[in-house]
Structure formats: structure tokens, C-alpha cells
Amino acid sequence: MKIGLFIPCYVDAFFPEIGVATLELLERLGLAVHYPLDQTCCGQPLANSGCHADAAPVERLFARNFRKLDYVVTPSGSCAHHVRQHLTAIEQTPEVAKLRASTFELCEFLHDVLRVSEFPWAKFPHKVGLHIGCATLRGLGEASTSEIAGARHSKPLALLSAVKGVQVVKPARVDECCGFGGTFSVTEEPVSARMGQDKVRDHHGAGAEYIVTPDPSCLMHQKGCAERLALPLKFIHIAQVLNGARA
Amino acid sequence: MKRVDHAEASSRFIAAREHVEFHDKRLWDLRQKRDREAEAIPEWEELRTLASSIKEHTLSHLGDYLEQFERNAIANGMQVHWALDAAEHNQIVYQLLRSHGATVLVKSKSMLTDECEMRPFLETRGIQIIETDLGERIQQLDDEPPSHIVVPAVHKLRGDVAQVFSRTIGTDARKSDVPYLAESQRQHTRPYYLKAGAGMTGANFAVAETGSFVVCTNEGNADLSANLPKLHIASIGIEKLIPRLADLGVFVRMLSRSALGSPITQITSHFRAPRPGTEIHVVLVDNGRSERLGMDGFWRSLKCIRCGACMNTCPVYRRSGGLSYGATYSGPIGVIIDPTFNLRKYSALPFASTLNGSCTAVCPVKIDIHDQIYRWRQVIAERGQLPMVKQEAMRMAGKVLASPKLYRLAVKAAQAGLDHLPRSMIYNPLNAWGRQREVPKAPKQSFREWYLKHR
């Protein structure tokens, strides 16, 4: 099985530890992981701004970097969501269609493809709030949402619950958006920041020490808000916890 | 025409701390009540699917159903008028009032008449208009448009209403308890029902099979408006049609549960024929709806039953207030409808969204709201309606991200900037990110650099 590792631009630049944890975790699970050195971005920020003409060359580069692989795995839900559901600025050749269908966010790859249910090396004895970003939640459908009645399920929670010591605490608004929203975070700064403040206060109120997430963009935004508010919250990507990070 | 600046308007809304907190909590409370009602009905999701398919069927046979409605309404003794646009609608209403010698009009809530800007049109022609819905009346007296399609004055606190009423209908400004305020409005409004030469309602549904229409309300004001004067005018958007009376149950079960989290509205009135000695005039209004029906990717917005569930759940709407959208329709449904009225003016609205998708998940008729928001962004960019700064930024970003070499230089520059620049340079007024958030700390190396060293 040939696995391509996609480390999105902002993770590459600002959160290399998330990339390292993702790579180490996949290798620990016995996979040969290929990291194309010329990768940049999937085109999401441009396409989400409506700029499909500008997104096209970026998507083309993405497709070239990751062709001829069985799976592409990324530790960023919104990027996986873009590739799967919105990477349409370039010609939809059979190769592109296959690439899109075989691109996975890390948690769903572990849960659905590898079917991993144990992380014996991992231990995280902390109260954690789990934040699943909206593209991961409602876009990729990795968990049931509060709007739809019925049986509850959550792939990220199933994985996290397999880690020794983890105690999950729930905020009052379990799956309200935290307000990152890509360029929204800048162009709609007043609302974006307010949403982020409300979100981290909610997690803090629930007693969380850590916020764990499969979505580094939400993490970057919430961490920025919590630090400015001087809340005693720590942030960590789910790949790091599953890979055995202690704190 | 000037672009509505949603971000700027929302910063003013957020600055009023008590208001934004109340607004967010009050609407979130409605969302939670909606969840409880939905959970109590095992077939809720099936109802949504059914409601969606009934609406899609109706919209794809709209001409036939409209004609069927007209035939049956006329057979019932009602009179039917067709209005191509807002101007025609207003003119028809004015002519009806004039020919009946009516100078006072009592009316219940109608987003359509707001959309047509009917009130100012009639007022300049000497018609006195009394909004009889409490929230609408508050907004009318305060000379503001409704901020929410179901709860029009939800952005106001009790104290704000006390101020408005003391200024306009002479209540005691120091008294802001709800029963006092509501009773004062009621007492003030009652005489107008008797004075009015005409009453006006909208409609939630128009049934083709029976030629009747249905008005769902909670205050009883619509029934007084419709039944006390001798002339009842009902303005109805052409998308309100449903084929059969049997279909109505699907929608009535969902409307108030989605809107307010209550099982049903207090009053569900069916209007079929005028009482002896009175007249009912139905004005069927297009005002851009036919054009919208022809828009690939956007026509499903016409399924909307105006419950406001998308607004109640929208985290952006709850924290920016309906008035920040600068349009008749606000919140998620507004964001996808408003650009059809004026693309340039409303071109910022589809960007007032995080694309979180909660709106789509609560919509009782399954409108793909957040997908349409996404599509509008593309239309706006293609038609050159993005702000110049954003257009340039995206063009540059596209160039950098399409070139591995330029990208790597940019990563280095960003890290160096964060590492070496003094705090005062990073947190400057141009850095919108840093106004209320810390920027991430620069790592020693990028992932790529780490990878090259370790693998």
C-alpha cells in the first residue's frame, strides 16, 4: 500500500510537530509513507474565496505531486474535505477523480481504512475537550451532529477513547463552529474572534485542560484566542496524542 | 451601489456587550428547543426529505400549480392579481386601497411587503399603516427593518423597547416588564383594527388544489387584520404554492418546530372565501423569483418556508445581528437570496460565513444553504465583484502556492518575520488576525526541513 503524506502549507510552516506525529504514527502502524517534496497546498483558501481560476494551478500541482498513490493522508480535515468535495478547478480526469476519492483525513483513514482500535504506546491522563472542525464533522461526516437526531457516533472520539487516561469533557455547545473559516478569520475578524472566544471559554468552563482536534486551522485560531484571553488551556493535535505524546 | 459592509456593521453590534450576549443566547435557546422537538418525532428526517421533494416537485411545475390555484381561488370567490415585480405589487395594493376608500391599513407580518418596500410607497400616498405583530410594530415605531424573519425585534432588549414605546406610544420609560409593554402595544393597536378600511396578511402556504391560503401566527393579529375590515389583501410570493391540502400537514408539523421549537403556531388560519359583504384579494408576486427558478445551483433556495431555523443556528448571525446584513433577508437564507436582488450591493454577504453547514443540517426543506454560499463566492469572483485587495491577494497567493520554490521562500520569510520582528510590528493595525488573537510562534524549522534531516 503506497501512502502519500500531505502536510498542508500552514502546518508545514507553523506546526511541523503535527506533521512529524502524523508521519511517525503511520510508520508505527507499519506503513511506507511517501512525502512528495514539492507539495504546497490543496487550493482550498483560493477556492473558498471563489477564486477558482487562481486555485487551478495549485490544484494541478497537488494532483501532480500525489498521483500514482493508493491513499493520500493529511492531518487537516478541511484540506481533505476540499480535495474530496471541492477540488474542481482542474479537469476531472480519471486520475484526478481517483486521487480525490482516495484522499483521507487522518482519523477517518485510521478508523475506516486501517481499522485501528488500539494505541498501546499512547497515554494521555488529562481532561480533554475534543474539537471536530466543521468540514471534518459535517463535510466529511466523521461524527454525528447535534442538528440531526438519532444514534451518536464519532470516529475521532472512538480513536481518542482508545488512549489510556483520556477523560473527555463536553462543552455546552458540543459542535458549534469556532469561527476560523479560512479568510473569514481576517475579513470578518470581529465575528471570528468573538466566536473563538466563546468556544474556548465554553471548553474552559467544561473543565478541559487540553483541546484535542483533527483540525489544525481551528487549533491555530482557538489557541490564538485562548492565549490572548490568558485562559489556562493547552492545544494539541489528535495525531500527537495517538502517537503517544505525553503532554 | 455601495457594497454592504457586514464586518464593519457586526463590529458595532459586538461592541454592545449585553446585546450580543442576549441575542446569541436567545437564538441558541430557540435552536435547542428545535432540537428537542425534532428528536421527539422519530420520522423527523423523513419529514424533511418529504417536504423537500414536495417543494421541488411544486417548483418544477410551478406554472401549472399557480394557474390551478388561481382558477380555484376565483371559483371560491376571491380575486387574484399578478405582480411581476415590487413596483407592480405596490401599485396593485394602492389601487385596491384607493378604490375601496381605505386610508388606514392594518397588517400582519410579511417579509414580502418588506422586500417590496411597500410601506414607504403607501405612506407617501397618504395611507396610514399599522404593523400589528408585536415585533414588527416595535421595529416600525423605531424606524428599523426587522432583524429576523420570525422574531423581528430579537436584537432589542426590554429596555430598548421601553425607550421606543415611551417615545412613540407614550408608555412609562421606567417600566420595562414584558406584560406591561405587550399590553400597552395591544391597547394602542386595538382601535386601528376598527378604524381600518383594509387589512393585509401574507401567507405561509397557498394550496393549489383548494385555492385557499394558510397563515400561521402566534398573536391573533393576523386574524383581526384579515377579518375586521371589509377588504382583505393577501400578498403571496409565488414560491409559497403547495399542490394539495394533504401536503400541508408535512409543513405545518415542521414550521413552528423549526422556527421556535414549539409544536405548532397558536393559530393556523385557512382562508378560502370571503365572508358575505367582504372581499379577499390575493396578489401573487414574482419579483425575481422566476429568474431565480432558472438559476442552476440556486433555484432550490425557493423551497424556503421562512422558518428562520438557519438564522437561529448560525453562529455568525447570532453574533452579528440581522441588521448587519443590510438587506430584507439576513442570516444564511439571506446570504443566498440577497445577491439575486443586487449582486454588487450584497457581494460581501456570502463571505459572512464560515461554511460550517449547520444551516443546511437544520433546514426543514433541505436547502443546500452552505453549498450555495460556496457557489455564490465563485459567481462573485467571476463577475469581478471581489474587493480589489482580496482579488490581488488571491492572485498572489495562487502564484506562490503553485510554485514549490516561491512557496518555500514564503515559508522562510513568514517564519523569520514571526521570529525576528518586535511584537509592536507584528501586532500592527493592518494585522487583523492579531487584534484579538496571538499569532503562532515560529518553529525552528518547517516540516519539510525536518523531513529532509530525519528521513
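The values are calculated or read from the model by the stated rules, or taken from the named source; none is laboratory data. Keep in mind that this is a model prediction, so the values were computed, not measured. Note: ideal-geometry Cβ built from the backbone for every residue, glycine included; neighbour counts use all protein chains shown.
Sort through A:L46, A:L31, A:L61, A:L37 and tell me the only one that's more than 8 Å from chain B (Cβ to nearest Cβ) and hydrophobic (A, V, I, L, M, F, W, C).
Values: A:L46 fails: more than 8 Å from chain B (Cβ to nearest Cβ); A:L61 fails: more than 8 Å from chain B (Cβ to nearest Cβ); A:L37 fails: more than 8 Å from chain B (Cβ to nearest Cβ).
That would be A:L31, the only listed residue that is more than 8 Å from chain B (Cβ to nearest Cβ) and hydrophobic (A, V, I, L, M, F, W, C).
Please note which helices (runs of 4 or more DSSP H) are completely contained in the range B:263-351 and include at least 1 residues that are more than 28 Å from B:A9 (Cα to Cα) and of a type outside the set (G, A, S). Steps first, please.
Working: elements: B:289-293, B:309-313, B:315-320, B:331-341.
In the range B:263-351, the matching helices (runs of 4 or more DSSP H) lie at B:289-293.
Can B:K366 be described as surrounded by fewer than 24 Cβ atoms within 10 Å (Cβ to Cβ) and either on the phi > 0 side of the Ramachandran plot or in contact with a helix residue (DSSP H, G or I) (Cβ under 7 Å, 6 or more places away or on another chain) (or both)?
In short, yes.
Which residue out of B:F22, B:F13 is more than 11 Å from chain A (Cβ to nearest Cβ), touching a residue at least 12 places away in the same chain (Cβ under 8 Å) and of a type in the set (A, V, I, L, M, F, W, C)? Show your work before the answer.
Numbers: B:F13 fails: more than 11 Å from chain A (Cβ to nearest Cβ).
After ruling out the rest, the residue left standing is B:F22.
Which residues, taken from the range B:129-151, are part of a helix (DSSP H, G or I) and touching a residue at least 60 places away in the same chain (Cβ under 8 Å)?
The answer is B:L134, and nothing else.
It is to be established whether one or more residues within the range B:144-167 are within 18 Å of B:V104 (Cα to Cα) and surrounded by fewer than 23 Cβ atoms within 10 Å (Cβ to Cβ). Can you show your working first?
Step one: filter the range B:144-167 for residues within 18 Å of B:V104 (Cα to Cα), giving none.
No, the range B:144-167 has no match at all.
Is it the case, given these coordinates, that A:F66 is more than 10 Å from chain B (Cβ to nearest Cβ), over 24 Å from B:W376 (Cβ atoms) and among the aromatic types (F, W, Y)?
Values: more than 10 Å from chain B (Cβ to nearest Cβ): yes; over 24 Å from B:W376 (Cβ atoms): yes; among the aromatic types (F, W, Y): yes.
The answer is yes for A:F66.
Scanning the range A:138-162 for residues that are outside any loop (DSSP other than H, G, I, E, B) and free of Cβ contacts under 8 Å to residues at least 60 places away in the same chain, which turns out surrounded by the most Cβ atoms within 10 Å (Cβ to Cβ)? Lay out the reasoning, then the answer.
To start, the set of residues in the range A:138-162 that are outside any loop (DSSP other than H, G, I, E, B) comprises A:138-139, A:143, A:154-161.
Narrowing further to those that are free of Cβ contacts under 8 Å to residues at least 60 places away in the same chain: A:138, A:143, A:154-155, A:157-158, A:161.
Working: A:R138: 24, A:A143: 20, A:S154: 20, A:K155: 21, A:L157: 19, A:A158: 16, A:S161: 13.
Looking at residues that are outside any loop (DSSP other than H, G, I, E, B) and free of Cβ contacts under 8 Å to residues at least 60 places away in the same chain, I get A:R138.
Here is a check on your reading of the model: is B:A73 in contact (Cβ under 8 Å) with a residue 12 or more places away in the chain, in contact with a His (Cβ under 6 Å, 6 or more places away or on another chain), within 26 Å of B:P274 (Cβ to Cβ) and not hydroxyl-bearing (S, T, Y)? Give the steps one after another, and end with the answer.
On the way: in contact (Cβ under 8 Å) with a residue 12 or more places away in the chain: yes; in contact with a His (Cβ under 6 Å, 6 or more places away or on another chain): no; within 26 Å of B:P274 (Cβ to Cβ): yes; not hydroxyl-bearing (S, T, Y): yes.
In short, no.
Against the condition over 20 Å from B:N287 (Cα atoms) and out of contact with any Phe, Trp or Tyr (no Cβ under 9 Å at 6 or more places or on another chain), how does B:Q95 come out, does it pass?
Working: over 20 Å from B:N287 (Cα atoms): no; out of contact with any Phe, Trp or Tyr (no Cβ under 9 Å at 6 or more places or on another chain): yes.
No.
Which condition number does A:A21 fail, the rest of (1) farther than 16 Å from A:F104 by Cβ; (2) more than 9 Å from every other protein chain (Cβ to nearest Cβ); (3) more than 19 Å from the chain's Cα centre (by Cα) being met?
(3)
How many of the residues in the range B:374-414 are among the basic types (K, R) and under 25 Å from B:T354 (Cα atoms)? Explain how you work it out, then say what you get.
We begin by selecting, within the range B:374-414, every residue among the basic types (K, R); these are B:375, B:377, B:383, B:390, B:395, B:399, B:405, B:408, B:412.
Okay, now just the ones that are also under 25 Å from B:T354 (Cα atoms), so B:375, B:377, B:383, B:390, B:395, B:399.
Residues flagged as among the basic types (K, R) and under 25 Å from B:T354 (Cα atoms) within the range B:374-414 amount to 6.
Could you please tell me which pairs satisfy a Cβ distance under 6 Å, a separation of 6+ or placement on different chains, a first residue in the range B:104-125 that is under 17 Å from B:Q139 (Cα atoms), and a second residue that is aromatic (F, W, Y)?
Listed pairs, sorted by first residue: B:V106/B:Y192; B:V106/B:Y193.
Determine if the range A:1-18 includes at least one residue that is among the aliphatic types (A, V, I, L, M), surrounded by fewer than 18 Cβ atoms within 10 Å (Cβ to Cβ) and more than 25 Å from A:Q240 (Cα to Cα). First the steps, then the outcome.
Here is the first cut: in the range A:1-18, the ones among the aliphatic types (A, V, I, L, M) are A:1, A:3, A:5, A:7, A:11, A:13, A:18.
Filter again for surrounded by fewer than 18 Cβ atoms within 10 Å (Cβ to Cβ), leaving A:1.
With more than 25 Å from A:Q240 (Cα to Cα) added as a condition, the list becomes none.
Within the range A:1-18, none of the residues are among the aliphatic types (A, V, I, L, M), surrounded by fewer than 18 Cβ atoms within 10 Å (Cβ to Cβ) and more than 25 Å from A:Q240 (Cα to Cα).
For B:V400, are the conditions met, namely being under 24 Å from A:H81 (Cα atoms) and buried (at least 18 other Cβ atoms within 10 Å of the Cβ)?
Working: under 24 Å from A:H81 (Cα atoms): yes; buried (at least 18 other Cβ atoms within 10 Å of the Cβ): yes.
Judged against the criteria, B:V400 is a match.
Could you please find all residues in the range A:165-180 being of a type outside the set (D, E) and within 12 Å of another protein chain (Cβ to nearest Cβ)? Write out each step before concluding.
As a first pass, look at the range A:165-180 and keep what is of a type outside the set (D, E): A:165-174, A:177-180.
A:A172, A:R173, A:V174, A:C177, A:C178, A:G179, A:F180, listed by residue number.
How many residues, within the range B:436-455, are at pLDDT below 95 and of a type in the set (K, R)?
3
So which residues in the range A:200-234 are in contact with a His (Cβ under 9 Å, 6 or more places away or on another chain) and not in a helix (DSSP H, G or I), if there are any at all?
Selection gives A:A208, A:E209, A:Y210, A:I211, A:V212, A:T213, A:P214, A:D215, A:L231, A:P232, A:L233, A:K234.
Considering each residue of the range A:181-192, count those that are touching a residue at least 12 places away in the same chain (Cβ under 8 Å), within 29 Å of A:F104 (Cα to Cα) and within 7 Å of chain B (Cβ to nearest Cβ), and give that number.
We begin by selecting, within the range A:181-192, every residue touching a residue at least 12 places away in the same chain (Cβ under 8 Å); these are A:182-183, A:185, A:191-192.
Retained after the next criterion (residues that are within 29 Å of A:F104 (Cα to Cα)): A:182-183, A:185, A:192.
So of that shortlist, the ones also within 7 Å of chain B (Cβ to nearest Cβ) come out as A:185.
Counting residues in the range A:181-192 that are touching a residue at least 12 places away in the same chain (Cβ under 8 Å), within 29 Å of A:F104 (Cα to Cα) and within 7 Å of chain B (Cβ to nearest Cβ) gives 1.
Where in the range B:352-432 are there helices (runs of 4 or more DSSP H), lying fully within it, with 2 or more residues that are more than 30 Å from A:R173 (Cβ to Cβ) and not basic (K, R)? Walk me through how you get there before you give the answer.
Working: elements: B:358-362, B:369-382, B:388-401, B:404-420, B:423-426.
Once the helices (runs of 4 or more DSSP H) in the range B:352-432 are filtered for at least 2 residues that are more than 30 Å from A:R173 (Cβ to Cβ) and not basic (K, R), what remains is B:369-382, B:388-401, B:404-420, B:423-426.
When the residues of the range B:363-390 are narrowed to those that are over 22 Å from the mean Cα position of the chain (by Cα) and hydrophobic (A, V, I, L, M, F, W, C), which ends up farthest from the other protein chains (Cβ to nearest Cβ)?
B:M388
Looking only at the range B:391-432, which residues are at pLDDT below 95, closer than 18 Å to A:T183 by Cβ and either touching a Pro at 6+ places or on another chain (Cβ under 9 Å) or at the interface with chain A (Cβ under 7 Å from one of its Cβ atoms) (or both)?
Correct list: B:A414, B:A432.
Given the structure, is B:E37 surrounded by fewer than 18 Cβ atoms within 10 Å (Cβ to Cβ), under 30 Å from A:I148 (Cα atoms) and within 14 Å of chain A (Cβ to nearest Cβ)? Give the derivation first.
On the way: surrounded by fewer than 18 Cβ atoms within 10 Å (Cβ to Cβ): no; under 30 Å from A:I148 (Cα atoms): yes; within 14 Å of chain A (Cβ to nearest Cβ): yes.
So B:E37 does not fit the description; no.
What are the residues in the range B:69-128 that are hydroxyl-bearing (S, T, Y) and assigned to a helix (DSSP H, G or I), if any?
Residues of the range B:69-128 hydroxyl-bearing (S, T, Y): B:94, B:99, B:103, B:108, B:110, B:113, B:124.
Listed by number, the residues that qualify are B:Y94, B:S99, B:T113.
Name the single residue, out of those in the range A:209-233 being away from chain B (no Cβ under 12 Å) and over 24 Å from A:E108 (Cα atoms), that is surrounded by the most Cβ atoms within 10 Å (Cβ to Cβ).
A:L233
For residues in the range B:280-323 being polar (S, T, N, Q) and under 29 Å from B:R34 (Cα atoms), which is surrounded by the fewest Cβ atoms within 10 Å (Cβ to Cβ)?
So the residue we want is B:S301.
With the range A:45-137 as the region, which helices (runs of 4 or more DSSP H) entirely inside it contain at least 3 residues that are surrounded by fewer than 24 Cβ atoms within 10 Å (Cβ to Cβ), out of contact with any helix residue (DSSP H, G or I) (no Cβ under 7 Å at 6 or more places or on another chain) and not aromatic (F, W, Y)? Break it down into steps so the answer makes sense when it comes.
On the way: elements: A:52-65, A:77-81, A:94-101.
Ranges flagged: A:52-65, A:94-101.
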